[in-house]
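Below: one structure, written as structure tokens.
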Amino acid sequence: MTFGFAPSAATSLSRPADSANRPARMLELDEWADAGIPLLRNPREVVSGLHSRHRPKPATAVVAVLDHAERLIASASFTPRAAPVDGWEFRNALLAHLRRVIPHDLRRRTPVRTAVLLYCREGDERWTEEDGAWMWGLRDACTLHGLRCGAYITLTHGGWQVLGEGRGGRRPSSGSPPADLSETVLEAASSLVRGGGGGVEPLRHTAAR
């Protein structure tokens, strides 16, 4: 599998293309791929559900918490403030929104819930320094909130991509209309019936601000 590299728009505008000025709090793609991030069983279903609920536009982040059966139990969407790309800032934003939608699991010896991040942005599916900063921020926010660090997904004009895994699809994309939420809920419920899962837990989420 070959992964490309593209400089992020935010990075190219805010700093010169000097490697010494690259953000320190970021993860390279190979570091992320080797970090043991749990695979999503049905990434298309997760992406479609988040796209329907939050309808993200470019520069919108959607952080979601999944239970052990990969059911969505909480989510929040937001647009990070305009600032130089930095994993520390992204970590703080993610942690603030996680605290608003779900209690922490720090008292547990091992995490039982997983946080995933969907970031809608311009450009193509290739990894950028901005993606690396979001990866760093997601991993650190999960540690501080007692969650497992899950997948990092980009949503662009060309479709969605689970970075570090090579899985993706054309729809939904940043420009496609969201599917009816009732359809995604019914699809998720039918998959639970097929898999013998329990009832769907109440979902808490906040819209983008």
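The values are calculated or read from the model by the stated rules, or taken from the named source; none is laboratory data. All figures in this text were calculated on a predicted structure; none of them were measured in a lab. Quick reminder, even Gly has a Cβ in these numbers, built from the backbone with ideal geometry, and neighbours come from all protein chains shown. Heads up: the accessible areas ignore ligands, DNA and RNA and are worked out on the full protein's heavy atoms, side chains in. Shrake-Rupley method; radii C 1.70, N 1.55, O 1.52, S 1.80 Å.
Quick notes
- Any pair with Cβ under 8 angstrom, 6 or more apart, that starts in segment 27-53 at a residue that is within 12 Å of Pro172 (Cβ to Cβ) and surrounded by fewer than 18 Cβ atoms within 10 Å (Cβ to Cβ) and ends at one that is at pLDDT below 95 and of a type in the set (A, V, I, L, M, F, W, C): Glu45/Ala188
- Failed criterion for Ala96 (all others in (1) of a type in the set (Gly, Ala, Ser); (2) under 18 Å from Glu165 (Cα atoms); (3) free of Cβ contacts under 8 Å to residues at least 40 places away in the same chain hold): (2)
- Set Gly159, Gly137: member being over 21 Å from Val85 (Cα atoms) and small (Gly, Ala, Ser): Gly159
- Scanning segment 54-66 for residues that are within 17 Å of Glu122 (Cα to Cα) and surrounded by 24 or more Cβ atoms within 10 Å (Cβ to Cβ) gives Ala61, Val62.
- The set of residues in segment 89-107 being surrounded by 14 or more Cβ atoms within 10 Å (Cβ to Cβ) and assigned to a helix (DSSP H, G or I) consists of Glu89, Phe90, Arg91, Asn92, Ala93, Leu94, Leu95, His97, Leu98, Arg99, Val101.
- Contacts under 9 angstrom Cβ, first residue in segment 67-79 being closer than 17 Å to Ser52 by Cβ and crowded, with 19+ Cβ neighbours inside 10 Å, partner among the acidic types (Asp, Glu) and modelled with pLDDT of 95 or more, 6 or more apart: Glu70/Glu45
- Matching residues, segment 107-122, being more than 20 Å from Thr143 (Cα to Cα) and either modelled with pLDDT under 95 or of a type in the set (A, V, I, L, M, F, W, C) (or both): Cys120
- Being closer than 21 Å to Pro80 by Cβ and at pLDDT below 95 holds for only one residue in Glu183, Glu125, Glu201, Glu187, and it is Glu125.
- Sole exception among (1) in contact (Cβ under 8 Å) with a residue 40 or more places away in the chain; (2) open to solvent by 50 Å² or more (accessible area, probe 1.4 Å); (3) not in a helix (DSSP H, G or I) for Ala82, by number: (1)
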